[in-house]
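Colleague: Supplied in structure tokens, the structure appears directly below.
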Amino acid sequence: MSTPPFEPVTDDDVRIVTAQLGRPARDVVGIPARCACGAPTVVATAPRLSDGTPFPTLYYLCHPGATAAVSTLEATGVMAEFTRRLADEPELRAAHQRAHDAYLADREGLGHVPEIAHVTAGGMPERVKCLHALVGHALAAGPGVNVLGDLALELAAWSPDVCRCPDWLADADAVADADAAADADRATGPADGATASGAPARGEPGHGG
């Protein structure tokens, strides 16, 4: 687990995150948390993307096993329960505010972006709207920083201490090969008898008759 400044990101880290997400990893500045095997579980993204877009989510949960487990937990109504607890428990509410402040401080260390200067993630500091964001922060910062993220991680059917990872680099190669094939198809244009959209040309049989 780590917060800024991060260790340098390797090419393999970026390839694995790309395979985990199923899309190119953007503007990666660190890998704050890893599985027991060393594979990324949380990716840190620059607060301003290379295209100029402000990006408030510093800590992004990228491990598919973790994201699936947290999605399952969200479906049980835990977010509503946590939000009610924030309203009823002053100490928990204060802890959620401290998590918000810590998140802002971490992101500010990577660069000031005025458009998101007071915005964090996951509903902080008033409510809970995304457990993935809170768990990502908890995994990166360590126990006690994001208390609700810690609680969600305890309830989720996944642990960073138990590795169930596939061969991520092999998966990354498969994603790269698929992207290369798609680029080649686009470069050569539609096949004979098809429109530019890939649909059958007028007068030819199509899907569904």
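A short reminder: the numbers here are calculations on the coordinates, not readings from a lab. A quick note: this is a predicted structure, and the numbers were derived from the prediction, not measured. Positions of Cβ are generated from backbone atoms using ideal geometry, with glycine treated the same way; all protein chains shown enter the neighbour counts.
Colleague: Please verify whether segment 54-69 includes one or more residues that are in contact (Cβ under 8 Å) with a residue 12 or more places away in the chain, farther than 30 Å from P166 by Cβ and not acidic (D, E). Break it down into steps so the answer makes sense when it comes.
Modeller: Taking segment 54-69 and keeping what is in contact (Cβ under 8 Å) with a residue 12 or more places away in the chain, we get 54-69.
With farther than 30 Å from P166 by Cβ added as a condition, the list becomes 54, 56.
Subsequent filtering for residues that are not acidic (D, E) retains 54, 56.
Within segment 54-69, one or more residues are in contact (Cβ under 8 Å) with a residue 12 or more places away in the chain, farther than 30 Å from P166 by Cβ and not acidic (D, E).
Colleague: Let me ask you something else. Conditions: (1) closer than 22 Å to L21 by Cβ; (2) touching a residue at least 12 places away in the same chain (Cβ under 8 Å); (3) surrounded by fewer than 20 Cβ atoms within 10 Å (Cβ to Cβ). A102 meets all but one. Number of the miss?
Modeller: Going through the list (1) closer than 22 Å to L21 by Cβ; (2) touching a residue at least 12 places away in the same chain (Cβ under 8 Å); (3) surrounded by fewer than 20 Cβ atoms within 10 Å (Cβ to Cβ), A102 breaks only (1).
Colleague: Look at V14 and say whether it is buried (at least 21 other Cβ atoms within 10 Å of the Cβ) and either in contact (Cβ under 8 Å) with a residue 40 or more places away in the chain or hydrophobic (A, V, I, L, M, F, W, C) (or both).
Modeller: Considered against the rule, which asks whether it is buried (at least 21 other Cβ atoms within 10 Å of the Cβ) and either in contact (Cβ under 8 Å) with a residue 40 or more places away in the chain or hydrophobic (A, V, I, L, M, F, W, C) (or both), V14 comes out as no.
Colleague: Ok, one more. Hey, among P125, P143, which residue is free of Cβ contacts under 8 Å to residues at least 12 places away in the same chain and part of a loop (DSSP other than H, G, I, E, B)?
Modeller: Just one listed residue meets the conditions, P143.
Colleague: If E154 satisfies every condition in (1) over 17 Å from P4 (Cα atoms); (2) part of a helix (DSSP H, G or I); (3) in contact with a Leu (Cβ under 9 Å, 6 or more places away or on another chain); (4) of a type in the set (D, E, K, R) but one, which is the exception?
Modeller: (3)
Colleague: In this structure, does A182 turn out to be part of a helix (DSSP H, G or I), exposed (fewer than 13 other Cβ atoms within 10 Å of the Cβ), hydrophobic (A, V, I, L, M, F, W, C) and at negative phi? Give the steps one after another, and end with the answer.
Modeller: Details: part of a helix (DSSP H, G or I): yes; exposed (fewer than 13 other Cβ atoms within 10 Å of the Cβ): yes; hydrophobic (A, V, I, L, M, F, W, C): yes; at negative phi: yes.
Yes; evaluated as a whole, the condition is true for this residue.
Colleague: Of all residues being surrounded by 14 or more Cβ atoms within 10 Å (Cβ to Cβ) and of a type outside the set (A, V, I, L, M, F, W, C) in segment 73-96, which is farthest from T53 (Cα to Cα)? Just the residue, please. First the steps, then the outcome.
Modeller: Initial filter on segment 73-96 (surrounded by 14 or more Cβ atoms within 10 Å (Cβ to Cβ)): 73-74, 78-79, 82-83, 85-86, 92-93, 95-96.
Filter once more, so that each one left must be of a type outside the set (A, V, I, L, M, F, W, C): 74, 83, 85, 93, 96.
Numbers: E74: 28, T83: 30, R85: 34, R93: 31, H96: 27 Å.
Among those residues, the one meeting the criterion is R85.
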